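Encoded as C-alpha cells, the structure appears first; notes follow it.
The values are calculated or read from the model by the stated rules, or taken from the named source; none is laboratory data. In this text, all values refer to a predicted model and were calculated from it rather than measured experimentally. Every residue, glycine among them, receives a Cβ derived from its backbone with ideal geometry; neighbour counts consider all protein chains shown.
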C-alpha cells in the first residue's frame, strides 16, 4: 500500500568488504592532518594567551589609582553609592534601620524562654524523644 517493498539484498562478505573499502578510501581522501598551527592572518585582533606561571608575566606593575577607585565604587552597595533610590525596587529596603533600637534587657519586647524546674524536666524529656505517655 505504501509503495512496493523491495526484497532485502543479502550481502556476502566480499560485498561487505568492498563497501567498507570505499568508505575508508573516501575518508582518507577528505581527511587532512594539521601539524602546523598559526594565527589567522585575516583576523584583525591577534590574541595570544600568556602562560599563568611564567615569571616575566607576573612582574609587579604600578597600580592605576583611577581604576582601583572605579572597582571599589562598583563593589559598594547602592546605599553607599547613591543618596537616594535609583529604581522603585530599591525603595522597598532602602530605610532598613529599625525605628526603635532593640534592647535585649527590655522585657516588654523580648520574651525569652524561661525554664523552671517542671518546664526544664519536660523539655529534657522531649529532647530525648519520649512521647506523651497519656495518649
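So the check is Cβ under 8 Å with 6+ separation or different chains; which pairs have a first residue in segment 108-126 that's at pLDDT 80 or above and a second one that's surrounded by 11 or more Cβ atoms within 10 Å (Cβ to Cβ) and not in a helix (DSSP H, G or I)?
Listed pairs, sorted by first residue: 123/115.
For a quick check of your reading of the model, give me the residue pairs whose first member lies in segment 61-83 and is touching a residue at least 12 places away in the same chain (Cβ under 8 Å), whose second is surrounded by 10 or more Cβ atoms within 10 Å (Cβ to Cβ) and part of a helix (DSSP H, G or I), with beta-carbon atoms closer than 9 Å and at least 6 apart or on different chains.
Listed by first residue and then by second, the contacts come to 78/90; 79/90.
What's the number of the only condition in (1) surrounded by 10 or more Cβ atoms within 10 Å (Cβ to Cβ); (2) outside any loop (DSSP other than H, G, I, E, B) that residue 85 fails to meet?
Going through (1) surrounded by 10 or more Cβ atoms within 10 Å (Cβ to Cβ); (2) outside any loop (DSSP other than H, G, I, E, B) one by one, residue 85 breaks only (2).
With the structure loaded, tell me whether residue 123 is exposed (fewer than 10 other Cβ atoms within 10 Å of the Cβ) and assigned to a helix (DSSP H, G or I) or whether it fails that test.
When the stated conditions are applied, residue 123 does not pass them.
Tell me which of these residue 61 doesn't satisfy, since it passes every other one: (1) over 29 Å from the mean Cα position of the chain (by Cα); (2) modelled with pLDDT of 80 or more; (3) in a loop (DSSP other than H, G, I, E, B).
Residue 61 satisfies all of (1) over 29 Å from the mean Cα position of the chain (by Cα); (2) modelled with pLDDT of 80 or more; (3) in a loop (DSSP other than H, G, I, E, B) except (2).
Is it the case that residue 70 is over 33 Å from the mean Cα position of the chain (by Cα) and either under 30 Å from residue 96 (Cα atoms) or modelled with pLDDT of 90 or more (or both)?
Working: over 33 Å from the mean Cα position of the chain (by Cα): no; either under 30 Å from residue 96 (Cα atoms) or modelled with pLDDT of 90 or more (or both): yes.
Spelling it out, it is not the case that residue 70 is over 33 Å from the mean Cα position of the chain (by Cα) and either under 30 Å from residue 96 (Cα atoms) or modelled with pLDDT of 90 or more (or both).
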